[in-house]
1. What is chain C's relative contact order, in percent, from Cα pairs under 8 angstrom and six or more apart in sequence?
2. Compute log10 of I(q)/I(0) for the stretch C:8-104 with the Debye formula, placing one identical point scatterer on every Cα and leaving out solvent, at q = 0.22 Å⁻¹, to two decimals.
3. 7 Å from Cα along Cα→Cβ at both residue C:118 and residue C:203: what's the point-to-point distance in nm?
4. Pick from C:270, C:72, C:106: which is most flexible by mean-square fluctuation in a GNM of chain C where alpha carbon atoms under 10 Å apart are linked?
5. What's the center-to-center distance, using Cα atoms, between the stretch B:1-72 and the stretch C:138-183 in Å?
6. Grab the Cα-Cα distance for residue B:35 and residue B:79, subtract it from 0.36 nm times how many residues apart they are, and report the gain in nm with one decimal.
7. What ranking do B:199-205, B:61-67 get when scored by the average of other Cβ atoms within 10 Å per residue, highest first?
8. Apply the a/c threshold of 1.5 to the C-alpha gyration tensor of the stretch B:106-239 and tell me whether it is rounded, prolate or oblate.
């Protein structure tokens with residue numbers, strides 16, 4: 001493992017060198033929040049931030065994405081036949097992505113990259129993306145990454161981890177793609193291996209100590225799906241929910257989408273748009289029947305999916321990286337930490353006794 | 001990378017109105033590119049997304065059998081946006097087909113007695129299964145075949161010519177029924193599917209599988225009958241319906257518990273369903 | 001605010017104990033600063049969960065829609081006006097409700113306070129006049145009036161307009177408030193400036209529908225944006241579709257909106273969605289002398305016809 005020292009004086013010039021080789025994305029402060037945005041020439045990411053308002057998932061999974069195009073003009077030979085379109089999958093770099101968000105891509109990849117089917121849009125975009133992580137030295141109070149299989153210095157899903165030392169970054173190279181990125185930027189100063197390792201270890205420990213909130217997930221796997229599904233606590237959990245899609249749209253690991261056709265005059269597109277299990281339309285049958293017709297059912301679906309169905313399907317943890325966005329964004333303060341603990345500690349036998 | 005969202009272009013070769021209420025039409029489709037037919041290698045019980053440019057897609061069970069070459073058949077009930085549009089189309093129009101989708105259970109059924117129980121317009125994939133099993137090359141792979149198929153009235157039965165032909169054969173036991181009729185010439189059963197099942201279906205045993213496809217109310221009342229007849233839950237096979245979009249287990253909407261109906265189903269044994277939330 | 005909370009608990013426990021209601025809808029303390037969670041309690045023992053402070057901005061009338069139980073509901077001024085609207089529009093029956101009115105001193109603006117600080121806020125406390133904001137390395141006292149939600153600053157109906165119990169003495173209503181300064185500014189803009197203003201206003205929208213779903217007026221079983229036959233509005237982030245949603249939603253609320261601010265409070269992107277509804281509120285006031293939700297006995301102007309209704313704005 002190689003460590004490079006990036007003097008912050010050389011930060012802008014390095015990014016300048018990268019511009020053109022990569023499309024650069026990074027956090028930028030609009031008037032209120034930090035948002036992830038494509039950086040123009042000379043534009044610098046603002047790395048003095050806690051996390052972006054929404055997750056970076058839209059970089060590989062845009063909220064609206066055209067899939068095919070077609071013509072409805074019957075005088076054209078290929079009318080009504082759907083055709084693939086060219087897309088820009090040139091290399092892109094996410095600069096300053098938080099480790100939790102980078103880890104989320106790995107969870108989501110399981111959905112889009114299956115043995116039977118590969119989602120070409122998600123995969124092409126993901127493969128074109130390199131993740132330049134920024135370690136969290138000051139995690140916020142709603143972060144619970146360390147108990148969600150992740151952490152403020154977590155490396156899975158990253159090509160490069162930047163650790164802010166004040167005057168400089170230590171860049172830990174994690175993949176050959178990360179190494180190319182560093183070369184392309186022209187940052188050459190190798191850091192003393194042992195010293196860098198030690199510094200990062202210490203900073204990591206300090207950051208992890210600052211994580212103040214946790215979820216318990218150890219019992220989720222052993223619980224019966226049917227018991228949790230039929231548990232009496234859902235009415236109380238769901239009561240405040242207004243069934244907006246904020247939690248799902250903000251979440252880095254929510255991947256559901258809808259497919260729609262849109263036509264303008266005689267040309268049309270087939271597109272996909274983010275969708276949300278919070279919406280009644282999500283499961284509404286053509287006949288008018290809806291298997292998830294009530295708010296309680298829809299709220300239960302969201303939490304059961306993240307905290308039980310996913311756990312059972314893949315067997316190695318929850319579908320959540322602990323970024324805390326849903327907690328920060330929910331207009332009515334439904335808190336996944338609370339729900340996770342209720343589910344984890346639920347005992348269906350004690351229910352029978354009381 | 002093969003794009004699993006891209007439909008194969010097909011031409012509507014023929015449209016047959018199946019039922020007296022004209023709400024069910026069968027579309028016979030021919031691939032525009034002959035190579036695509038080979039790629040679309042399917043088994044009875046699977047479904048496909050029919051794609052209408054400008055409207056969208058709709059998941060429909062495949063009504064034709066892989067033993068029928070040169071075309072695909074889909075019987076479509078007029079319900080929503082896409083199906084209504086399909087019903088207004090004519091022979092020669094171009095649509096798309098994406099699939100085949102979903103799993104099938106023919107490895108399990110090989111060498112067994114097969115009891116097919118169908119109601120209403122859900123008979124489509126069951127037609128596919130029957131044609132498949134009756135094919136001279138396949139018939140010896142199955143023991144007895146029973147079919148209990150009901151509709152509201154004689155005019156609401158699908159594939160009436162084929163039903164009549166199957167009635168005359170001795171390698172399949174047909175039990176056609178209607179809820180009621182005032183046709184004096186009606187020579188088959190009158191009664192609901194659960195009742196006819198109780199009277200006509202063979203008793204359950206380890207060599208006999210029941211395949212059920214129909215409206216929820218029919219399934220609800222047929223299941224206790226099968227229990228009574230001694231069918232164990234892993235010998236009862238059902239097909240579920242869900243709102244679907246991608247059809248390949250990715251878009252996320254058709255789950256029941258950890259299973260996606262489009263990819264892990266739409267066929268499930270009752271034993272499997274017993275361990276899943278009742279959210280369908 | 002602790003006296004408010006105590007009184008709310010006392011009334012709620014009594015109503016539940018005497019079985020006058022099956023549930024009380026109120027707020028419980030949130031898990032993050034400046035947030036409380038709407039909740040229900042069904043037993044006198046559970047009323048200890050209930051709280052009242054300056055973080056109860058969500059409009060609880062939203063939780064009454066089509067409920068059949070006998071309900072006790074905590075209602076500040078705007079909530080009570082939306083309860084009136086709910087009753088007028090047959091979404092709940094007056095006899096079902098025992099309204100625990102809360103004379104409201106205004107709700108604080110979470111977004112505004114958050115954006116005042118570089119660092120994360122870990123705790124927010126309050127007394128009568130002040131909001132004390134604490135972070136890991138800072139503590140600052142703010143004047144509550146300076147950090148109220150925009151709609152609370154210009155509120156002229158802080159007292160519940162309808163109630164069966166009161167959690168505190170009635171307050172003096174604010175006088176000489178100019179409610180529409182911002183609307184007039186936009187009205188005065190040239191057409192293209194207006195267009196630009198609305199375009200910028202809506203550009204962050206992600207169409208999560210939090211504004212709609214937080215609104216007690218938006219109870220349609222199927223919202224027009226969700227209709228598929230015919231499909232009126234596209235589902236992408238096309239600006240035309242986004243605008244159509246916001247404009248039409250605002251019009252659906254004309255003559256009904258109480259400017260409770262729930263929409264704006266719910267928006268995760270911080271969009272000032274009230275700029276649409278306020279214009280229509282102003283029009284209703286100027287054209288019909290109407291303010292929504294003040295009386296059970298009067299029909300709203302848009303569902304009544306009078307021969308002398310003004311019509312010169314119809315072009």
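1. Values: 512 pairs, mean separation 53.0, N = 315.
Result for chain C is 17 percent.
2. Each listed q corresponds, in turn, to -1.12.
3. Inter-label distance under the simple model: 2.7 nm.
4. Most flexible of the set in this elastic network: C:270.
5. Centre-to-centre (Cα) distance: 63 Å.
6. 12.6 nm
7. B:61-67, B:199-205
8. oblate
Every read-out reported here was derived from the displayed coordinates using simple, explicitly stated rules and does not represent laboratory data. Every value quoted in this text rests on a predicted model; they were computed, and no experiment measured them. FYI the Cβ positions are ideal-geometry reconstructions off the backbone, even for glycines, and counts take in every protein chain you see.
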